[in-house]
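Reviewing the structure listed below.
The values are calculated or read from the model by the stated rules, or taken from the named source; none is laboratory data. Bear in mind that the values here come from a model prediction, so they are computed numbers and not experimental data. So basically every Cβ, Gly included, is an ideal-geometry build from the backbone, and we count neighbours across all protein chains shown.
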Amino acid sequence: MFISALDLFKIGIGPSSSHTMGPMVAARDFRGRIDTFAANQSAFPFLQVRCTLRGSLAFTGKGHATDRAVTLGMHGHTPQGLATLNVNELFQTLWQQTAFQTEGSATIHFNPPEDIVFDKGDPLPEHPNGMIFQLLDQTGKTLLTETYFSIGGGFITTLDEISQLVAPIKMETTQSCGFPFDCADQMMKMSTDSSLSVSAMKRSNEQERISEKTLNDGLDAIWDAMRTCLENGLAAEGRLPGGLNIKRRAQVLYRQLQENPQKANLNDWLCAYAMAVNEENAAGHLVVTAPTNGAAGVIPAVIYYTVKHEGATLAQVRDFLLVAGAIGGLIKHNSSISGAEVGCQGEVGSASAMAAAGLCAIKGGTTAQIENAAEIALEHHLGMTCDPVGGLVQVPCIERNGFGAIKAYTAASLAIRGDGQHFMSLDNCIAAMKQTGLEMSVKYKETSLGGLASLHGLPVSITEC
């Protein structure tokens, strides 16, 4: 099994990898298909696009900016391309438009408020994050259609492709890389047999596809975006958009810690750093999926702490990201990182496990200790629901990232003081997370129909006004 760290960590915008970035990529892909279709069809005087959102995308799509994402993607934008732009200003302009031109100058009617449909009926059977794009003629007949699924972390797949997936990534052959571990036990055995560390094996796999320079440049760009997002969050004030009137807290907390550092502890710093990232995510600004947007603060917080407070080097940051990417790939392959599939255990839980493994690695942990660190962090997120209040990635998501970072640091510290031997394996823990997700009520899987989201008179429709 191979999934590149440069694919797992994606630079983009908030507030959600599965509900914002994925739908934007899908809309842009369908836009490309429209361009091709229109270039070869001149017999239709009227063409119109419709996007129907299903399942979790319908229930929490308003709060997760899915309609914004579809609009931006349909006009040709990508998450990474928007990372440094004023997205709010651009979106407001596009939202008012009722048509766009294809590359061949065909007019395609697209009025986002009417042509993006939130269908809160039954989800599509293949995946809870489904969206159906249609190109219609003047009679409403479908001329071109595609069904996409946003499967977590900004990844998408089509209806034809989803049957080829194995939970939920396309498989490459076992000959596709030198160390094709698809479970933690294989990872440990290959490490023992080769006398290579997890980061060295992951780097070897990556460099079979890209050069060392391309890999390092990619990892550095990811870290630079993470650091920029975090530091932007530490400097920002005000309240977050969406209707809950949530006040940003990271800047105030950070200032308090700076003014009185002798009374600051590890937990304080990690919370300030993680919350800074997720406040930026909630605002729809630059963020890196790590492995998702809703869990984007955990890994940057832990890395930033080790760099700023413990003197971690750039080489160690690269190793951290490679090891975290290896663990994230195992989780994505054998379970899910999508809150709509398995709840927040798959988002913040996965991020915490990835961060714990990365931290353990750069502190000199063995492969067995790295596996143990990831297992400890993931184990203590099992059963965590995804119940965002008002359909927004704010409550409890922002604070939850702080606690995920704390658990990651604790797990790495505990593992590195042991010998790597422990009762529950990471593979079993990942399997337990998958089974727990399958048995979890849909109310607790990113639909805002239960848990915290159902309390205090705050229904999901709060963001629809």
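Taking the condition modelled with pLDDT of 95 or more, closer than 30 Å to Glu371 by Cβ and in a helix (DSSP H, G or I), does Gly233 pass? Spelling it out, it is not the case that Gly233 is modelled with pLDDT of 95 or more, closer than 30 Å to Glu371 by Cβ and in a helix (DSSP H, G or I). Quick check on Ser199: is it of a type in the set (S, T, N, Q), under 17 Å from Phe9 (Cα atoms), surrounded by 15 or more Cβ atoms within 10 Å (Cβ to Cβ) and assigned by TED's automatic domain parsing to the domain that holds Asn372? Yes; evaluated as a whole, the condition is true for this residue.
Restricting the range 158-192 to residues that are of a type in the set (Val, Ile, Thr), in a strand (DSSP E or B) and modelled with pLDDT under 95, which is farthest from Arg209 (Cα to Cα)? In this case the residue turns out to be Val166. Against the test of being over 24 Å from Thr313 (Cα atoms), touching a Lys or Arg at 6+ places or on another chain (Cβ under 8 Å) and without any contact (Cβ under 8 Å) to a residue 12 or more places away in the chain, the options Lys263, Lys247 yield a single qualifying residue, Lys247. Within the range 77-99, residues that are free of Cβ contacts under 8 Å to residues at least 60 places away in the same chain and farther than 21 Å from Val25 by Cβ reach partners that are of a type in the set (A, V, I, L, M, F, W, C) and outside any loop (DSSP other than H, G, I, E, B) with beta carbons closer than 9 Å, at six or more positions or on different chains, in the pairs Ala99/Ile108.
Are any of the residues in the range 274-282 hydrophobic (A, V, I, L, M, F, W, C) and within 23 Å of Ser4 (Cβ to Cβ)? For the range 274-282, residues hydrophobic (A, V, I, L, M, F, W, C) and within 23 Å of Ser4 (Cβ to Cβ): present. So Met21 passes all but one of these: (1) in a strand (DSSP E or B); (2) in contact with a Lys or Arg (Cβ under 8 Å, 6 or more places away or on another chain). Which condition number does it fail? It is condition (1) that Met21 fails.
Counting the residues of the range 70-104 that are surrounded by fewer than 17 Cβ atoms within 10 Å (Cβ to Cβ), modelled with pLDDT under 95 and among the hydroxyl-bearing types (Ser, Thr, Tyr) gives 1. Assess whether Gly346 counts as being farther than 26 Å from Lys202 by Cα, crowded, with 24+ Cβ neighbours inside 10 Å and either in contact (Cβ under 8 Å) with a residue 60 or more places away in the chain or under 19 Å from the mean Cα position of the chain (by Cα) (or both). No. Residues in the range 363-375: is at least one at positive phi and crowded, with 24+ Cβ neighbours inside 10 Å? Taking every residue of the range 363-375 in turn, none turns out to be at positive phi and crowded, with 24+ Cβ neighbours inside 10 Å.
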